[in-house]
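> There's a structure below that I have some questions on.
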Amino acid sequence: MADKCVFLDRDRTIIEDPGYMTDPDAVKLLPGVELALRSLAQVGFKLIVVTNQSAIARGLLTEDGLEQIHDEMRRQLSQRGVELDAIYYCPYHPEGTVERYTRVSADCKPSPGMLLKASKDLQIEMSESWMVGDSPRDIEAGQRAGCRTIRVRHKGDGASEQDEDVQADFTVRNLVDAARVILRESGLAAAVGKMAESPAVSVGAARLPSSAQTPIDSMTDSQTLHEILRHITQTRTPGNGAEFSSARLLGAIFQIFAVIALVWGLIYIPDVMNSGESNLIWHVAMMTAGVLQLAALTFFILSRQR
Ligand SMILES: [Mg+2]
């Protein structure tokens, strides 16, 4: 019986992309990747990486060097409980500098060659499989291979002309969200939702991974689920980190003027003490400081409630 799988782009989908990755020490998993992949594997998806590696054709990297990078990626994933089923790469590019690799290849995305090979090698049923990647060429390769597609668009990603031509079935912000979509669309959300009913966690419609169909250790699965929920809660909480807040800005401005008014009033204290009489400027300064301080506090409280 054929298996279902998730084809995964490598750079900016699983690991950070420093440009041309040529050093195993630079391999760094993106946040939440292990949780997403673990949950997909638990419900029976094979995990297959398909990556263009034109750095080889350009003479920046050898196939042995690429192997070391992939060994490091596998090692980091394995440490976190994820085993990849296969990695396919395309070393060719028509504008390469290494003759052996300088050519057009049907394996290079957007062509679907790598996916079709994997399908043959590992008995993959394309209609039940997905392609996830951050580039239009990933999406096109997935569509041409007959998979459903998910585009990962990171914060700050601009639009290109290719974006107009290639429309993924779904667009998400990271691999954790992609896993949620796949599980939901695969009809696994209901069983997962049952597990996700934890009074300590509230993430709206988040319905997340589980071992709905595959018998696995329930404790491990529950832990995975809660790790993902925590990840999503952290990344979605408004005001988390240095998010801009106009109320906080106004509070700071009023606070500064309150201090200035207070200092202004303090300057007149010797006069008040010496004369023993009421000083109009001192009164105005202190009242202004009080009003401004109240306004500052109000805006600070408002900013915390948002
Ligand atoms: Mg990529």
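One line per residue, one yes/no per condition, for (1) out of contact with any Cys (no Cβ under 9 Å at 6 or more places or on another chain); (2) closer than 21 Å to R38 by Cα; (3) modelled with pLDDT under 95:
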residue: D121; (1), (2), (3): yes, no, no
residue: E125; (1), (2), (3): no, yes, no
residue: V132; (1), (2), (3): yes, yes, no
residue: E140; (1), (2), (3): yes, no, no
residue: G146; (1), (2), (3): yes, no, no
residue: I150; (1), (2), (3): yes, yes, no
residue: A159; (1), (2), (3): yes, no, yes
residue: Q162; (1), (2), (3): yes, no, yes
residue: A179; (1), (2), (3): yes, yes, no
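> When you check R80 against the structure, is it surrounded by fewer than 16 Cβ atoms within 10 Å (Cβ to Cβ) and within 30 Å of Q42 (Cβ to Cβ), yes or no?
Answer is yes for this residue.
> Does any residue of the range 91-108 turn out to be assigned by TED's automatic domain parsing to the domain that holds W130 and in contact with a Leu (Cβ under 8 Å, 6 or more places away or on another chain)?
For the range 91-108, residues assigned by TED's automatic domain parsing to the domain that holds W130 and in contact with a Leu (Cβ under 8 Å, 6 or more places away or on another chain): present.
> Let me ask another. So L40 clears everything in (1) closer than 26 Å to G187 by Cβ; (2) assigned to a loop (DSSP other than H, G, I, E, B); (3) away from the ligand (no atom under 16 Å from the Cβ) except one condition, right? Which one?
Only one criterion is unmet by L40, namely (2).
> Go through the range 1-30 and report how many residues are out of contact with any helix residue (DSSP H, G or I) (no Cβ under 7 Å at 6 or more places or on another chain) and over 21 Å from Y89 (Cβ atoms).
Summing the residues that are out of contact with any helix residue (DSSP H, G or I) (no Cβ under 7 Å at 6 or more places or on another chain) and over 21 Å from Y89 (Cβ atoms) in the range 1-30 gives 2.
> What are the pairs with Cβ atoms under 7 angstrom where one residue, in the range 63-91, is in a helix (DSSP H, G or I) and the other, located anywhere, is acidic (D, E)? Sequence gap at least six, or different chains.
Qualifying pairs under 7 Å: L77/E34.
> Looking at (1) closer than 17 Å to R12 by Cα; (2) surrounded by fewer than 21 Cβ atoms within 10 Å (Cβ to Cβ); (3) not hydroxyl-bearing (S, T, Y), find the lone condition where G133 falls short.
It is condition (2) that G133 fails.
> A follow-up question, please. Restricting attention to the range 143-159, which residues are within 13 Å of the ligand (Cβ to nearest atom), in contact with a Ser or Thr (Cβ under 8 Å, 6 or more places away or on another chain) and not aliphatic (A, V, I, L, M)?
R151, R153
> Return yes when L35 is under 26 Å from Q143 (Cβ atoms) and either assigned to a loop (DSSP other than H, G, I, E, B) or away from the ligand (no atom under 16 Å from the Cβ) (or both) and no when it is not.
Considered against the rule, which asks whether it is under 26 Å from Q143 (Cβ atoms) and either assigned to a loop (DSSP other than H, G, I, E, B) or away from the ligand (no atom under 16 Å from the Cβ) (or both), L35 comes out as no.
> Something else: Report every pair of residues separated by at least 6 positions or lying on different chains whose Cβ atoms are under 9 Å apart, first residue within the range 131-142 and in the same structural domain as D157 (by TED's automatic domain parsing), second more than 11 Å from the ligand (Cβ to nearest atom) and of a type in the set (F, W, Y).
Taking only residues 6 or more apart or on different chains, the pairs are M131/F7; V132/F7; G133/F7; D138/F7; A141/F7; G142/F7; G142/W130.
> Now for a separate question. Within the range 7-24, which residues are touching a residue at least 24 places away in the same chain (Cβ under 8 Å) and either more than 17 Å from the chain's Cα centre (by Cα) or away from the ligand (no atom under 16 Å from the Cβ) (or both)?
F7, Y20, M21, T22, D23, P24 - these are the residues of the range 7-24 that are touching a residue at least 24 places away in the same chain (Cβ under 8 Å) and either more than 17 Å from the chain's Cα centre (by Cα) or away from the ligand (no atom under 16 Å from the Cβ) (or both).
> Hey, could you check the range 108-121 for residues that are more than 16 Å from L47 (Cβ to Cβ) and buried (at least 22 other Cβ atoms within 10 Å of the Cβ) and say which is nearest to the ligand (Cβ to nearest atom)?
K109
> Moving on. Which one is farthest from the chain's Cα centre (by Cα) among residues in the range 122-142 that are within 16 Å of the ligand (Cβ to nearest atom) and within 20 Å of R184 (Cβ to Cβ)?
Looking at residues that are within 16 Å of the ligand (Cβ to nearest atom) and within 20 Å of R184 (Cβ to Cβ), I get G142.
> Still on this structure: Restrict the check to the range 43-59 and report whether at least one residue is more than 30 Å from R184 (Cβ to Cβ), at pLDDT 95 or above, part of a helix (DSSP H, G or I) and within 15 Å of the ligand (Cβ to nearest atom).
The answer is yes; a qualifying residue exists.
The values are calculated or read from the model by the stated rules, or taken from the named source; none is laboratory data. Worth saying up front: this structure is predicted, and the values here are computed from it rather than measured. Backbone-built Cβ (ideal geometry, glycine too); neighbour counts: all protein chains shown.
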